[in-house]
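The values are calculated or read from the model by the stated rules, or taken from the named source; none is laboratory data. The model shown is predicted, which means the values in this text are computed figures rather than measured ones. Cβ placement follows ideal geometry from the backbone for every residue including glycine, while neighbour counts extend to all protein chains displayed. Remember, those area values only see protein heavy atoms, side chains included, never the ligands or the DNA or RNA. Shrake-Rupley method; radii C 1.70, N 1.55, O 1.52, S 1.80 Å.
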Amino acid sequence: MTVGSVLITGGTGYIGSFTALALLEADYKVVIADNLLNSSEETINRIELICGKRPEFFQIDVKKEEDFDKIFKAHPDIDNVIHFAALKAVGESSEIPLEYYRTNVYGTICLLSSMTRHNVSNIVFSSSATVYGDATRFENMIPIPEICPIGPTNPYGRTKSTVEACITDHVEAQRNNLKKEGKSGDHWNAAILRYFNPAGSHPSGVMGEDPQGVPYNLLPLLAQVAIGKREKLLVFGDGRSAISHIGHPYGERMLTELTVDYASHDGTAIRDYIHILDLAKGHLVALNYLRDHQPGVRAWNLGTGKGSTVFHMIKAFSATVGKELPYQVVGRRAGDVLDLTANPKRANEELGWKAERTLEDACEDLWRWTKNNPQGYRQSPPKELLEQ
Ligand code: NAD
Ligand code: WQD
C-alpha cells in the first residue's frame, strides 16, 4: 500500500537520492527523473540496497517539457513533485549564468507547465539559504528567520529566488483562475524549502555525496584531504588579502600565510551544517503537510539553528579521522558571507520537524562513506557493507 506517488527531479543527486530513500521507507511510490549530469544511475542500486525498494528511473532533461509529459502519462497516479534538479555551483554560475537560468528557471517553467496540464498540483521546491545573501546587513536577523528579506549575491542564488517567485505567482494565478471559473476543489500547494549546509552520508556507508569533478563545498574537500587526495584545505577568510577569485579557487589562488578576520570568535565564517538524513526527512514532513493543509505557498528554513565556524569543522572532522588535517589560510572567496545560521522555529512548530543528528554524526557518516567508497558511485559497495 502506498501513501502517495511522487516524482523526484534530480533524484539521483545528493539530496534527491536521500529524499527518495526517506519517501520509499515511508511507503510513498517514487519515480526519479534526472539527466545524470552530476550524478550516477548507481544511486538507484544503492537506494534499493538499503530499503529493498527500487524507484523507477527516467533519464530526462528538465528543459524538455515533453519529457515531463511522458512521465505524467506513464504514471497518472503521481500527485506530488519534489523538484531538486538544478545546477548548483556558485562560482560557475557567475561564469555561465545563462546556463544556470536555462536549467534552474526555464527547467522549472517546463515542469510547472507540464504539471498544470496533467493536474498535478503539489510541489516541494529546493531553495537555498543563499537567497538571503548577507543577513548580517540587517539587525537581529541572525539566526535567519524566513521573514528576513532575501537578497542573493550571485547568479545561482538569483535563479533560486526567481523560481520561488515563479512558483508563488503560478500558485496564485491557478487559485484566481479557479475562482473565476466558479470552481472549488483542489488548487496548487507549494512548499519552498531553504536548505542551509547539507552534510554527511548514510550511516551504512552505502550512500553519500559523490560530487563530479573538483568539489566546491567544505566537507567533501575535507574528506579529500583526510583520504590523501588533496594536500591541505584552504581556509577562506583573510579580508586583507586582495587576491581575486578567478575560476576555481583551488586552480588559481596564490597561497599566503595570513590570519583569518571574519567577525566570528575564531575569525572564520559560520555556517549551519545539517545532516543529510534530517534534511531528507524535512521533505517527507513537508509533503505530508501539503497533503493535510489548505493550499497555498509556504517557505521553511531547514537548518539546525547552530552555527559552526570553518575551524570548528576542521577540528570536528580531524577528531573523527583521528589525525590533524592540514590547512592553510588564504584570502576570502568572492561572495562568501560571515554567517548563515538558520532560525528553524517555523519548521519546528509548523512541520513538527527538528534536526536530530549532530555534527559528529555527520562527520562520522561522511568518513565511513569516504573510506568505503573512495571512487564514490563508480565502484561497487564493499562486500562487508552488503552483508550487514
Ligand atoms: P546534485 O547536483 O547532487 O543534484 C542535482 C541533480 O540534478 C543531479 O543529479 C543532476 O544530474 C540533476 N540535473 C542537473 N541538470 C539537470 C537537467 N537539465 N535535467 C535533469 N536533471 C538535471 O545537487 P544537490 O546537492 O543534491 O542539490 C539538490 C538541490 O538542492 C538543487 O536544486 C540545489 O540547488 C539545492 N540546494 C543544494 C544545496 C547543497 O549545498 N547541496 C544547498 C541548498 C540548496
Ligand atoms: C562553507 C564554509 C567557506 C571551501 C554553498 C552555497 C550555498 C549552498 C550550500 C546550494 C564557507 C568555507 C569552503 C574551502 C573554506 N548550496 N570554505 N575552504 O559557501 O556556505 O554554501 O553550499 O544552494 O548556496 O553557496 O558552503 O561548503 O562552500 O563553504 O574555507 O575550500 O567553508 O568560506 O565559510 P557555502 P561551502
**Asked** Which of the residues spanning the stretch 332-362 are outside any loop (DSSP other than H, G, I, E, B), touching a residue at least 12 places away in the same chain (Cβ under 8 Å) and open to solvent by 50 Å² or more (accessible area, probe 1.4 Å)?
**Response** Lys345, Arg346, Glu350, Glu360, Asp361
**Item:** Flag for Ala85 being at pLDDT 95 or above and crowded, with 20+ Cβ neighbours inside 10 Å
**Value:** yes
**Prompt:** Quick one: how many residues across the stretch 1-10 are in contact with a helix residue (DSSP H, G or I) (Cβ under 9 Å, 6 or more places away or on another chain), among the hydroxyl-bearing types (Ser, Thr, Tyr) and assigned to a loop (DSSP other than H, G, I, E, B)?
**Reply:** 0
**Request:** Answer yes or no as to whether Lys73 is open to solvent by 30 Å² or more (accessible area, probe 1.4 Å), more than 10 Å from ligand 1 (Cβ to nearest atom), over 16 Å from Thr9 (Cβ atoms) and assigned to a loop (DSSP other than H, G, I, E, B).
**Result:** no
**Request:** Given the conditions (1) open to solvent by less than 60 Å² (accessible area, probe 1.4 Å); (2) without any contact (Cβ under 8 Å) to a residue 24 or more places away in the chain; (3) farther than 30 Å from Tyr101 by Cα, report the number of the one that Gly151 does not fulfil.
**Result:** (3)
**Request:** Give Tyr156, Tyr195 a once-over and let me know the one that is open to solvent by less than 60 Å² (accessible area, probe 1.4 Å), of a type outside the set (A, V, I, L, M, F, W, C) and closer than 24 Å to Asp79 by Cβ.
**Result:** Tyr195
**Fill in**
Among His170, His202, His187, the single one that is in contact with a helix residue (DSSP H, G or I) (Cβ under 8 Å, 6 or more places away or on another chain) and modelled with pLDDT under 95 is His187
**Request:** Would you please name the residue that is farthest from Leu279 (Cα to Cα), looking only at residues in the stretch 11-27 that are in a loop (DSSP other than H, G, I, E, B) and open to solvent by 10 Å² or more (accessible area, probe 1.4 Å)?
**Result:** Asp27
**Asked** Which pairs do you get when a residue that is open to solvent by 60 Å² or more (accessible area, probe 1.4 Å) and within 16 Å of ligand 1 (Cβ to nearest atom), found in the stretch 209-234, comes within reach of a residue that is assigned to a loop (DSSP other than H, G, I, E, B) and among the hydroxyl-bearing types (Ser, Thr, Tyr), reach meaning Cβ atoms under 9 angstrom, with the pair 6+ apart or on two chains?
**Response** Gln212/Ser39; Gln212/Ser40
**Message:** I'd like to know if the stretch 310-323 contains one or more residues that are surrounded by fewer than 20 Cβ atoms within 10 Å (Cβ to Cβ) and assigned to a loop (DSSP other than H, G, I, E, B).
**Reply:** yes
**Complete:** So the strands (runs of 3 or more DSSP E) completely within the stretch 189-240 holding 1 or more residues that are of a type in the set (A, V, I, L, M, F, W, C), under 30 Å from Arg298 (Cα atoms) and more than 12 Å from ligand 2 (Cβ to nearest atom) are 189-195
